[in-house]
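Below you'll find the structure, written out as structure tokens, and then a few comments.
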Amino acid sequence: MLKELRCNKLATGKLEFEAGLNALVGPEDGANSIGKSSVLMLIDFALAGDDFISLCSDVMDNVGAITIEMDFIFGGEKYCFARSTNDPKIVVFLSEDEKPEKSVDEYRSFLKKNYIFPEEGASFRGAVNPFFRIWGKENDNPNKPLNSFPSEPYQKIKPNLLKLFSFYGVLKSLEKEKTATSKKKSILKGAFDEGYIKSLTKREKEKSEKRIEEVESEINEIKKVIEAHSINANKIISKENFKIKAEKDALVRSLFQLKSRQKRIETNLTYGSAVNKKHFDKLEEYFPEVNSGRLTKVEQFHSGVSKILKAELRYEKQILDDQVKELEFEISEADKRLLESTGMIEKPSGLVDKMLDLSFEERSLRDQIRFRDIKSSIDTEVVTISEKITEKTTQSLASIESKLNSKMAEYISIFYEGKPVTPQIKLSETRYEFKHNEDSGTGKAYANMVALDMSILEETYLPILIHDLIVFSNIEDHAIEAILEEYSVANKQVFIALDKLGRFKNEIQKLVKEKEFLALDSKTLAFGQSWKKRT
């Protein structure tokens, strides 16, 4: 727990704390602007909060940068730290000799560990921040008591609540499983979108399955012919033969491209250019008497570079002729390798190509169907996991709801005599409601919020509450007295700010004075001076 806070800018220099209630007491006249909320915000700063920097900038403007030292007691051992508004992202671990300067995140991790949060629990600040209700933080709306700030979305509040009640471990495992499955789905979708895998509709799948049957039938027929020549069909459909066939197909494509270029060059050598020949052919079609050969010569005459171009074309043709011969030789060699590997030399060799083509087609069709089935399976898995998450979340929220409603009813019965109307919290997948039911008066609404905070403090590992004066301002005095008594017997720390103690019965005044860690009034100001009345 937080045991002591030291700051040379505070009027008292240091603040000492105990388990249970810790009260900051204001004057009987209820004077404001004496530093009550600023001190509570400084305690928040000591507990790794950041709001002091932005919400108490007036303090720093008037008293300068603030450095605090704070002592904690965990397991009977004291730990000391320092933090400054000059560099709030650094916390000095005064109890450590080596590398004492650490990040505020490391400090928060230290607090989470030593306040014994579960491994799958909330972060330290995620747990405490909604329940540090200090003026300026705007989390004191009794109709939205789970919000850390007014516009906080429920999709952030919900997991934090599940973590506080230790329901998040199973959900995290399911969420992790869903993320991994969704990633598979995304990768597969990308493959379909990019055209690496053909996406099949149900009808296309049926057609593919029918085509596979036809292909299998054709392969079986070829097998019979092959087997008649004493050849092992399995020897043909091998990984090595598929590789040779793929190489051969690539060579054939290259040969086709070379022969196309070869044809264009031959045409250019005869007519000057493919375009001129096309024009001359069209002219001769409509005017048979035109001598296209003579026109060609005239066109060649008008081209000053015709002879140079022809020399270049002849040179390129010679290169192409050599490349064509080389490719034809390589294709022939690939055919020989295929035949040799299958033992089909001087036998029906065309069957090898046919069988390999059919095998390629069959494999492609089966892959398409397989990937469609995989996609369908992944889609189903994502839906199933999502349903499990929804079901588990709903069960967990229902359990939390039941615990809180039961515990709040106990606290309200302590705060109010007779048969008081009890509040209800409703937790769903998409939103939460905090109902005050038939008694929706302002004071009762704030008392309901206090009952909720006390219930969460008791039912979870939440270690601390901070309730500023604004929480109590509208609650009836007799209810505040009961609340103070409950604070005092809590086995966790509760920090409050309260004034006008004279309105309470003597035993409550005595209780609060015993639990007082600081008393402020218009003469004793938190930071030794007032800057609120300057002109």
Handout entry: Selection within segment 38-55 - open to solvent by 20 Å² or more (accessible area, probe 1.4 Å) and either under 13 Å from F517 (Cβ atoms) or in contact with a Pro (Cβ under 9 Å, 6 or more places away or on another chain) (or both)
Key = D50, I53
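Residue-wise test of (1) touching a strand residue (DSSP E or B) at 6+ places or on another chain (Cβ under 6 Å); (2) among the hydrophobic types (A, V, I, L, M, F, W, C).
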{"residue": "C7", "(1), (2)": "yes, yes"}
{"residue": "T12", "(1), (2)": "no, no"}
{"residue": "G30", "(1), (2)": "no, no"}
{"residue": "S33", "(1), (2)": "no, no"}
{"residue": "F52", "(1), (2)": "no, yes"}
{"residue": "C56", "(1), (2)": "no, yes"}
{"residue": "M60", "(1), (2)": "no, yes"}
Fill in the blank from the handout: Being in contact (Cβ under 8 Å) with a residue 60 or more places away in the chain, in a loop (DSSP other than H, G, I, E, B) and open to solvent by less than 40 Å² (accessible area, probe 1.4 Å) narrows L171, L161, L200 down to just L200
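Please go through segment 458-500 and pick out each residue that is part of a helix (DSSP H, G or I) and open to solvent by 10 Å² or more (accessible area, probe 1.4 Å).
Kept after step one, since they are part of a helix (DSSP H, G or I), are these residues of segment 458-500: 458-459, 469-472, 477-488.
Of everything in segment 458-500, those that are part of a helix (DSSP H, G or I) and open to solvent by 10 Å² or more (accessible area, probe 1.4 Å) turn out to be E458, E459, L469, I470, D477, H478, E481, A482, E485, E486, S488.
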Fill in the blank from the handout: Considering segment 397-443, residues that are of a type in the set (G, A, S) and either touching a helix residue (DSSP H, G or I) at 6+ places or on another chain (Cβ under 6 Å) or within 25 Å of L484 (Cα to Cα) (or both), and then whichever is least open to solvent (accessible area, probe 1.4 Å), we arrive at G443
Handout entry: Among (1) open to solvent by 20 Å² or more (accessible area, probe 1.4 Å); (2) under 26 Å from I470 (Cβ atoms); (3) of a type outside the set (S, T, N, Q) - the single one M449 does not satisfy
Key = (1)
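Inside segment 50-61, can you point out the residues that are under 15 Å from F527 (Cβ atoms) and either out of contact with any helix residue (DSSP H, G or I) (no Cβ under 7 Å at 6 or more places or on another chain) or not in a loop (DSSP other than H, G, I, E, B) (or both)? Quick ask: steps written out before the conclusion?
Kept after step one, since they are under 15 Å from F527 (Cβ atoms), are these residues of segment 50-61: 52, 55-61.
Across segment 50-61, the qualifying residues are F52, L55, S57, D58, V59, M60, D61.
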Completion exercise
Taking segment 1-25 and keeping only residues that are without any contact (Cβ under 8 Å) to a residue 12 or more places away in the chain and not in a loop (DSSP other than H, G, I, E, B), one is left with K14
Fill in the blank from the handout: Checked N139, N129 against criteria (in a loop (DSSP other than H, G, I, E, B) and modelled with pLDDT of 95 or more); the one match is N139
Exercise for the section: Residues being of a type outside the set (V, I, T) and open to solvent by less than 70 Å² (accessible area, probe 1.4 Å): count how many of those fall in segment 382-396. Expected result: 3
Exercise for the section: Could you look through segment 220-259, keep only residues that are of a type in the set (S, T, Y) and either open to solvent by less than 40 Å² (accessible area, probe 1.4 Å) or at pLDDT below 60 (or both), and pick out the one that is nearest to I319 (Cα to Cα)? Expected result: S238
Completion exercise
Residue hits (segment 101-139; over 20 Å from I68 (Cβ atoms) and open to solvent by less than 30 Å² (accessible area, probe 1.4 Å)) are F117, G121, A122, G126, A127, P130, F131, R133, N139
Practice task
Can you confirm whether segment 62-85 contains a residue that is modelled with pLDDT under 95, more than 23 Å from L465 (Cβ to Cβ) and in a helix (DSSP H, G or I)?
Solution key: yes
Handout entry: Unique match (being surrounded by fewer than 21 Cβ atoms within 10 Å (Cβ to Cβ) and of a type outside the set (K, R)) among G64, G35, G26
Key = G64
Handout entry: Within segment 501-535, tally of residues that are part of a helix (DSSP H, G or I) and in contact with a Gly (Cβ under 6 Å, 6 or more places away or on another chain)
Key = 0
Exercise for the section: Could you identify the single residue in K176, K102, K156, K183 that is among the basic types (K, R) and part of a strand (DSSP E or B)? Expected result: K102
Exercise for the section: Kindly indicate which of K185, K163, K156, K137 is over 18 Å from L397 (Cα atoms), touching a Ser or Thr at 6+ places or on another chain (Cβ under 9 Å) and of a type outside the set (D, E). Expected result: K137
Handout entry: Criterion: modelled with pLDDT under 95 and of a type in the set (D, E, K, R) - qualifying residue of K426, K513, K523, K435
Key = K523
Completion exercise
Inside segment 87-100, the number of residues satisfying the requirement of being modelled with pLDDT of 95 or more and open to solvent by 100 Å² or more (accessible area, probe 1.4 Å) is 1
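The values are calculated or read from the model by the stated rules, or taken from the named source; none is laboratory data. Since we're looking at a predicted model, the values are computed, not measured. Every residue, glycine as well, gets a Cβ built from its backbone with ideal geometry; the counts of neighbours run over all protein chains shown. Heavy atoms of the whole protein, side chains included, go into the accessibility calculation; ligands, DNA and RNA do not. Shrake-Rupley method; radii C 1.70, N 1.55, O 1.52, S 1.80 Å.
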